[in-house]
Amino acid sequence: NNDLDSSYNGWPDEVMTSSYEATNIALFTQLDSDLSDKSALSFGVRVERRNADYTDSNGDAFDPSESMWGGHIAYSYQINNVHNSYARIARGYKAGGFNMGLPSELAQYKEFDTETLVNYELGLTSNLLARSLTSCIAFFYMDRKDQQVNASQQDPERPQRFVIYTANAASSESLGLEIDLDWQVNNEWAAFVT
């Protein structure tokens, strides 16, 4: 149970009692396999089932149920004793949900969908300077669907407050380069650059 009793400038603003219960069941498995002395393959998958039940004294009631999945497949290849390359595709997710206490003008935002992200990555890791310097260079491309974003709007029924809620935005894409350097200068000093 989650009870709300708030006031604004000393006056009662909102009083609400609520009940919330959620159950998540997930299964994850991963298989790593050496294809040769220099190459390896990794495959993993996660499946999750989520059930929730919510009611409150303001009349909101939600009982969403959803099944979600994510996972990865990655291939690595050791070029030589210094350089190792990899390619990876991964899919992640963020469960959908609901917004309580929205005014009738925002009724279409009472529930929001699951967000998914697929990440494509190519990388090179290197051990340099007699293995005292480790570097990782990664190129990535991310494809996001139904991104969950925070939104706000003035409450037309109570102009003294803003309503903050979660909504789904359109799809988005990101392209980038990430570089990490780790230098063990000596037994006492190390330097990191990201």
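The values are calculated or read from the model by the stated rules, or taken from the named source; none is laboratory data. Remember, it's a predicted structure, so these values are computed and weren't measured experimentally. Don't worry about glycine lacking a Cβ; one is built from the backbone with ideal geometry, like all the others, and counts go over all protein chains shown. SASA here: full protein model, heavy atoms, side chains in, ligands and nucleic acids out. Shrake-Rupley method; radii C 1.70, N 1.55, O 1.52, S 1.80 Å.
Quick one: dipole size for the chain, taken about the Cα centre, charges +1 on Lys/Arg Cβ and -1 on Asp/Glu Cβ, in debye to the nearest 20.
That gives the chain a dipole magnitude of about 800 debye.
Under 30 Å from the Cα of Lys94, which lysines turn up, not counting those fewer than eight places away in the same chain?
Straight-line reach from Lys94, under 30 Å: Lys110, Lys145.
Answer with one residue from Ala170, Gly101, Ile89: the one whose Cα lies farthest towards the positive end of the charge dipole of the chain, charges on Cβ with Lys, Arg +1 and Asp, Glu -1.
Ile89
Using the eigenvalues of the Cα gyration tensor, what equivalent ellipsoid semi-axes result for the chain when each is taken as the square root of five times the eigenvalue, whole Å, largest first?
In descending order the semi-axes read 47, 22, 16 Å.
What Rg and what Dmax come out for segment 35-81 when only alpha-carbon atoms are used, in angstroms?
21.5, 66
Using θ = phi - 60° and the Karplus form 6.51 cos²θ - 1.76 cosθ + 1.60, what ³J(HN,Hα) does each residue of segment 98-106 get, whole Hz, x for Gly and Pro?
Karplus values, whole Hz, x for Gly and Pro: 8, 10, 8, x, 7, x, 4, 5, 10.
With the full set of protein chains in place, find how many percent of the accessible area of segment 33-97 is carbon and sulfur; take the probe as 1.4 Å.
Answer for segment 33-97 is 53 percent, counting heavy atoms of protein chains only.
What whole-number value in Å² describes the accessible area per residue of segment 72-160 for a 1.4 Å probe?
Accessible area per residue: 57 Å².
Label 7 Å along Cα→Cβ of Tyr75; segment 125-148 residues with amide nitrogen under 17 Å?
125, 139
What number do you get for segment 63-172 when its Cα radius of gyration is normalised by 2.2 N^0.38 Å, N = residues?
The value comes to 1.65.
Tell me, what HN-Hα J-couplings in whole Hz come from the Karplus equation 6.51 cos²θ - 1.76 cosθ + 1.60 at θ = phi - 60° for each residue of segment 41-54, using x for Gly and Pro?
Working through the residues one at a time gives 10, 10, 9, x, 9, 10, 10, 9, 10, 10, 10, 9, 9, 9 Hz.
So what are the ³J(HN,Hα) numbers for segment 107-116, from phi and the Karplus equation (6.51, -1.76, 1.60; θ = phi - 60°), rounded to whole Hz, Gly and Pro as x?
My calculation for segment 107-116 gives 4, 5, 9, 4, 10, 10, 8, 5, 9, 10 Hz in order.
Could you work out what % of the accessible surface of segment 103-194 is carbon and sulfur, using a 1.4 angstrom probe and leaving DNA, RNA and ligands out of the count?
C and S fraction of accessible area: 55 percent.
What whole-number distance in Å separates the alpha-carbon centres of segment 106-156 and segment 36-59?
Segment 106-156 and segment 36-59 have Cα centres spaced 16 Å from each other.
Limiting things to C-alpha atoms, what are the Rg and the maximum Cα-Cα separation (Dmax) for segment 110-167, in angstroms?
When restricted to the Cα atoms of segment 110-167, Rg and Dmax are 21.8, 68 Å.
Could you please put Met142, Met100, Met68 in sequence from largest to smallest accessible area, using a 1.4 Å probe?
These residues rank, largest area first, as Met100, Met142, Met68.
Find which of His72, Gln160, Thr17 sits farthest along the positive direction of the dipole of the chain, computed with +1 on the beta-carbon of Lys and Arg, -1 on that of Asp and Glu, about the Cα centre.
In the chain, that residue is His72.
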